1. Would you count, across chain B, every pair of lysines whose alpha carbons are under 22 angstrom apart, provided the pair is eight or more residues apart or spans two chains?
2. Contact order normalised by length for the stretch B:38-99, with contacts defined as Cα pairs under 8 Å and 6 or more residues apart; what percent is it?
3. Out of B:ARG23, B:ARG128, B:ARG49, any idea which swings most in a Gaussian network model of chain B, alpha carbons joined below 10 Å?
4. Could you work out which residue, out of A:ALA41, A:ALA112, A:ALA32, moves most in a Gaussian network model of chain A, that is, has the largest mean-square fluctuation with Cα springs under 10 Å?
5. Compute the label-point distances linking B:GLU142 to its equivalents in the other copies; points lie 7 Å from Cα along Cα→Cβ; give nm, one decimal, shortest first.
6. For the pair A:ASP52/B:ARG49, report the inter-label distance in nm, with labels modelled 7 Å from Cα in the Cβ direction.
7. Longest segment of chain A with no GluC sites (Glu not before Pro) in a DSSP loop having at most 14 other Cβ atoms within 10 Å?
8. Using only alpha carbon pairs under 8 Å that are at least six residues apart, calculate the relative contact order of chain A and give it in whole percent.
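Every number in this text was worked out from the coordinates using simple rules, so none of it is lab data. Keep in mind it's a predicted model, so treat the numbers as computed, not measured. Cβ placement follows ideal geometry from the backbone for every residue including glycine, while neighbour counts extend to all protein chains displayed.
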There are 2 protein chains.
Amino acid sequence: MIVPEVQAEIDKFLQGKGLRRTRQREVIVEAAFSTDEHFTADDLWERSRKIDRTVSRATLYRTLSLLVEAGLLTEIDLGKDIKYYDPNFLEHPHHNHLICVDCDKVVEFSDANISLLEDCITRRLGFRPTKKAIRIEGTCEELRRTGFCKSRVDKGPA
Amino acid sequence: MIVPEVQAEIDKFLQGKGLRRTRQREVIVEAAFSTDEHFTADDLWERSRKIDRTVSRATLYRTLSLLVEAGLLTEIDLGKDIKYYDPNFLEHPHHNHLICVDCDKVVEFSDANISLLEDCITRRLGFRPTKKAIRIEGTCEELRRTGFCKSRVDKGPA
DNA sequence: GTTCGTGCAAACCGTTTGCACCGAC
DNA sequence: GTCGGTGCAAACGGTTTGCACGAAC
């Protein structure tokens, strides 16, 4: 994926703040941006440890904060009780999330009209938008019509 | 506010599930719906205890779940790390939230066009929408222009 | 050599749960 | 009297933090 670009970006960020480039930070960035799936802190910890077994949870969390602060990673709310992180905002800065309640699949979408509407509404209320997030939960139409949803297969009976 | 109506509603819900009407549940409902502000579990606990000092955290949380399950209260994500609850969805079932990053003020809004767009997009992706939430964070235009925001007064210096 | 980063384990904090007693029905 | 509800305190799970050692610069 875009790991090298992200490494450059985080280098710039670290340098700007007088912070150091460490093996652990490299590993975590590599683990985070070698996929375009959303992940939890724990997911990322496991993936990092596959590259370097010594990465600790503490460092994972500390680095995660840095990446969010640097704007390379975005916290998203998928309606679960744990935080998810989305590595795709660099490439698609304005996307939103649709979550299937049948199979838990997450579909990203963006729509210029809806963005525009959001901006209008925000300004009308006397604010300037800085961060916008739409989360839609839905049921799979295919499952409802045909009784079968290919994304649902691995989830066991309804 | 609409406390009596809500009491009737929760009574119906409890009865339907063979659950009991208790003093504690009455108190918590009263505390929850005597305001139209968003609140945390702890906020609600304190308000409940002002009515009846014996309400415990455990019962608070258990009742909170019931109210959400009954559809009387909605969990919302205000971008903070704790859960907030919104008692206003009964009266305004389709509203969204705009959060001011300057003063933390939350403005509710709804918009038919945006709702329609959400539905279209969801169907186009092969799903049927069940729950939709828009969260916009923004900065106060008044504060930016005049250096003063009446909602900000109680927050101390920038 | 200085300073920042790290791993470890303990602390934290919002929430949930096991248990014995209590109260609605 | 039965069964669900409650308060208490302990447990839980994700996240943060204090500390002493280690590594970047």
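1. Here the count comes out as 12.
2. That works out to 33 percent.
3. Answer for the Gaussian network model of chain B: B:ARG128.
4. In this elastic network of chain A, the residue with the biggest mean-square fluctuation among A:ALA41, A:ALA112, A:ALA32 is A:ALA112.
5. Spelled out, the distances from B:GLU142's label point are 5.0 nm.
6. Using points 7 Å along Cα→Cβ, the separation is 4.6 nm.
7. The segment A:92-158 is the longest one with no such site.
8. It rounds to 16 percent for chain A.
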